[in-house]
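Heads up, the thing below is written out as structure tokens.
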Amino acid sequence: MESTPTHREGRGGGPRSVTPAEKSQARQVSLRRIGRLFTDHRGPLAAVTAIIVASSVLAMASPFLLRTVIDRALPERDLTLLVWLVVGMVAVAGVTAALGVIQTWISTRVGQQVMHRLRTDVFAHLQRQSIAFFTRTRTGEVQSRITNDIGGMQSVVTSTATSIASNLTTVVATAVAMVALSWRLSLVSLVVLPPAILLTRKVAGLRRQITARRQRELADLNVTIEEGLSISGVQLSKTLGTGAALVDRFTASSARLVDLELRSELAGRWRMASMSIIFAAIPAVIYLSAGLPGTAGTLSIGTLVAFTALQGGLFRPLMGLLDVGVSLTASLALFARIFEYLDLPVEVDDPAQPVTIDPRRVRGHLRLDDVTFSYPGSDTAAVAGVTLDVPAGTSLALVGETGSGKSTLAALISRLHDPAAGRITIDGIDLRDLRLADLAAVVGVVSQETYLLHTTVRENLRYARPDATDAEIEDAARSAQIHDLIAGLPDGYDTVVGSRGHRFSGGEKQRLAIARTLLRDPRILVLDEATSALDTETERAVQRAFDVLAEGRTTITIAHRLSTVRDADQIAVVDHGRIVESGTHDSLLDRNGRYATLAV
Ligand SMILES: Nc1ncnc2c1ncn2[C@@H]1O[C@H](COP(=O)(O)OP(=O)(O)OP(=O)(O)O)[C@@H](O)[C@H]1O
Ligand SMILES: [Mg+2]
């Protein structure tokens with residue numbers, strides 16, 4: 001059953017196949033750890049327990065009232081007694097129901113709070129993950145875990161707390177009442193337990209396996225949706241004509257889900273059916289045992305009726321309780337997936353003892369000392385032994401062939417990764433000693449690809465600085481040479497940019513990114529120029545925007561435009577992760593080396 005083909009898991013860039021280690025881990029989720037999620041809620045849980053005990057004691061009264069009705073009030077035609085007994089029965093039902101509501105409220109609250117905590121913890125923890133994590137994780141996988149897995153758990157945790165509370169009340173109360181009525185008959189009723197427990201265990205194990213597979217399948221489905229229905233994905237599939245294949249993949253994935261759901265549902269149904277047969281047989285056995293020579297005559301009719309009534313009412317809550325076992329066991333698979341995320345180490349993190357700096361007073365002297373870095377899983381270094389010195393307020397242009405490691409250098413400077421060896425300092429302070437928030441205030445990045453949020457232009461710009469006024473936002477846009485264009489849009493600054501900003505051209509998006517960076521006003525700027533050729537008009541606009549942005553700051557530009565390169569204080573030629581030449585435009589041309597070949 002675990003041998004389903006996992007060919008699809010590797011698709012979409014991330015090696016997310018299920019390793020044996022992962023499978024065994026799923027089996028080892030510690031119940032104690034799950035229990036710890038509830039430790040903050042001891043008070044409410046104690047209240048729930050108290051209510052359970054109270055309701056049990058109360059409910060114990062009902063069968064005795066019934067027995068008195070049948071054995072005394074009715075045969076003796078005692079109307080007063082009858083009325084009192086009936087009032088008592090109604091009152092017991094009323095109070096029990098009220099307690100049930102309170103209990104449901106408390107336990108649902110506890111369940112929801114636990115889920116809320118888990119969801120926010122996972123979100124916050126994943127937020128802190130380094131870029132490497134997101135590179136190796138399929139888009140859609142993370143969403144699936146947060147929505148499908150925690151969502152699935154939510155119903156388990158919430159309904160578990162509620163179900164345990166309410167069903168346990170009934171079962172305990174009923175059992176106590178049964179024993180009080182006749183311990184002999186109670187013993188007879190116990191025959192139901194062994195098969196019930198056996199069946200439940202079997203089904204629980206089955207469900208757990210199915211759940212683990214279903215969640216993986218759901219994640220796959222999500223990935224396909226992301227790859228097939230996001231704007232970039234649709235563009236790709238339309239231009240490559242892979243629409244039909246995508247539909248096939250989705251259909252296959254969905255069909256597997258149908259199969260899993262069916263099996264999961266059927267397993268439950270079979271158990272239910274077997275159980276109801278067993279339960280139906282009990283009253284018969286009870287009547288039989290009541291008439292057996294040893295017991296005959298020792299039980300009143302009232303006791304017998306009250307007892308079978310109780311026993312009949314035991315079925316649903318008992319099944320409910322056993323179901324909790326089933327869904328809890330099944331949910332271990334969900335917990336395993338969530339805990340796996342929570343246990344991921346944070347690779348790039350805030351230092352334990354950060355150096356406190358005032359980002360506005362940083363001078364912006366950037367140094368790289370013998371920096372080496374390679375991407376996980378790659379044996380060649382993307383950056384190897386790079387040493388660079390960029391004095392405050394000066395500009396450095398990085399040039400080199402595609403894939404030479406320029407963007408990687410930029411990522412290291414903004415600490416998206418940490419170097420494997422060597423160090424990067426700003427004003428002599430190692431980046432790893434700075435708070436991430438401070439570093440983000442000091443180093444501004446305009447990357448090759450601009451990400452825009454699906455909201456208005458204004459909000460996209462304000463994302464960079466939430467307290468920026470409208471006037472400041474427009475100023476930034478003006479400096480970034482994009483104000484006129486925005487003003488010309490149907491809704492001006494309130495125009496929604498479209499999913500990921502597909503409404504804008506590459507050059508426009510980049511100018512929006514420049515405006516965003518201007519709002520942040522960082523001391524050090526990292527500009528990764530778009531590699532795609534812009535038309536001269538746009539290029540000039542982008543160039544002017546870059547120039548405004550660069551004024552008075554330390555800038556590291558990954559340059560594809562000759563003008564950027566020519567004016568730089570310092571040019572470094574990158575090749576296979578190494579700096580092979582550096583100097584000014586003229587000095588490098590004079591050398592007639594690598595730069596000279598690139599520049600022509
Ligand atoms: N996330 C990653 N995982 C593994 N390898 C990567 C990753 N990103 C980049 N690389 C590899 O590292 C090398 C340097 O890539 P980088 O993006 O720094 O090149 P670049 O100089 O910016 O190129 P371009 O001019 O095309 O933007 C390349 O060989 C690339 O394949
Ligand atoms: Mg690049």
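The values are calculated or read from the model by the stated rules, or taken from the named source; none is laboratory data. The shown structure was predicted, so the numbers you read here are calculated from the model rather than taken from an experiment. Cβ coordinates were reconstructed from backbone atoms using ideal geometry, including for glycine residues, and neighbour counts include every protein chain displayed.
Being out of contact with any helix residue (DSSP H, G or I) (no Cβ under 7 Å at 6 or more places or on another chain), modelled with pLDDT of 95 or more and either surrounded by 15 or more Cβ atoms within 10 Å (Cβ to Cβ) or not aromatic (Phe, Trp, Tyr) (or both) holds for only one residue in Asp467, Asp484, Asp369, and it is Asp369. Among the conditions (1) over 21 Å from Leu518 (Cα atoms); (2) within 16 Å of ligand 2 (Cβ to nearest atom), Ser447 misses just one, which is (1). Note on the stretch 54-87: residues that are within 51 Å of the chain's Cα centre (by Cα) and either surrounded by 14 or more Cβ atoms within 10 Å (Cβ to Cβ) or part of a loop (DSSP other than H, G, I, E, B) (or both) amount to 9.
To keep it simple, each residue is scored yes or no on (1) over 43 Å from the mean Cα position of the chain (by Cα); (2) within 16 Å of ligand 1 (Cβ to nearest atom).
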position: Gln543; (1), (2): no, no
position: Phe546; (1), (2): no, no
position: Ala550; (1), (2): no, no
position: His560; (1), (2): no, yes
position: Gln570; (1), (2): yes, no
position: Arg578; (1), (2): no, yes
position: Glu581; (1), (2): yes, yes
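Of all the criteria given as (1) away from ligand 2 (no atom under 16 Å from the Cβ); (2) over 29 Å from His454 (Cβ atoms); (3) surrounded by 21 or more Cβ atoms within 10 Å (Cβ to Cβ); (4) of a type outside the set (Asp, Glu), the one not satisfied by Ala572 is (1). No other residue among Arg216, Arg145, Arg138, Arg207 is within 16 Å of ligand 1 (Cβ to nearest atom) and crowded, with 20+ Cβ neighbours inside 10 Å apart from Arg138.
Listed by position, the helices (runs of 4 or more DSSP H) enclosed by the stretch 432-479 that each have at least 1 residues that are of a type in the set (A, V, I, L, M) and touching a Phe, Trp or Tyr at 6+ places or on another chain (Cβ under 8 Å) are 457-462, 470-479.
Would you pick out the residues in the stretch 441-461 that are within 16 Å of ligand 1 (Cβ to nearest atom) and touching a helix residue (DSSP H, G or I) at 6+ places or on another chain (Cβ under 6 Å)? Scanning the stretch 441-461 gives Val446, Thr450. A Cβ distance below 7 Å, combined with a sequence gap of six or more or placement on separate chains, defines the contacts here; from the stretch 340-363, residues that are within 19 Å of Pro522 (Cβ to Cβ) reach no residue that is surrounded by fewer than 10 Cβ atoms within 10 Å (Cβ to Cβ) and of a type in the set (A, V, I, L, M, F, W, C). Pairing each residue of the stretch 108-119 that is part of a helix (DSSP H, G or I) with any residue that is surrounded by fewer than 17 Cβ atoms within 10 Å (Cβ to Cβ) and of a type in the set (Phe, Trp, Tyr), provided the two are 6+ apart or on different chains, yields C-beta distances under 9 Å for Val110/Phe38; Val114/Phe38. Leu299 meets all of the listed conditions (1) without any contact (Cβ under 8 Å) to a residue 60 or more places away in the chain; (2) surrounded by fewer than 20 Cβ atoms within 10 Å (Cβ to Cβ) but one, namely (1). Kindly provide the set of residues from the stretch 380-431 that are more than 11 Å from ligand 1 (Cβ to nearest atom), assigned to a loop (DSSP other than H, G, I, E, B) and either under 25 Å from Arg566 (Cα atoms) or without any contact (Cβ under 8 Å) to a residue 60 or more places away in the chain (or both), ordered by number. Within the stretch 380-431, Pro391, Ala392, Gly393, Thr394, Ser414, Pro419, Ala420 qualify. Quick one: in the stretch 413-423, of everything that is in contact with a strand residue (DSSP E or B) (Cβ under 6 Å, 6 or more places away or on another chain) and of a type in the set (A, V, I, L, M), which residue is farthest from ligand 2 (Cβ to nearest atom)? This residue is Ala421.
Counting only residues that are at pLDDT below 90 and within 16 Å of ligand 1 (Cβ to nearest atom), the stretch 514-535 holds 8 of them.
Pull up the stretch 400-410, narrow it to residues that are more than 9 Å from ligand 2 (Cβ to nearest atom) and not charged (D, E, K, R), then point me to the one that is nearest to Asp369 (Cα to Cα).
First pass over the stretch 400-410, keeping only residues more than 9 Å from ligand 2 (Cβ to nearest atom): 400-401, 409.
From what's left, not charged (D, E, K, R): 400, 409.
Values: Gly400: 20, Leu409: 12 Å.
Residue satisfying both the conditions and the ranking: Leu409.
In this structure, does His365 turn out to be within 27 Å of the chain's Cα centre (by Cα) and more than 16 Å from ligand 2 (Cβ to nearest atom)? So His365 fails the test.
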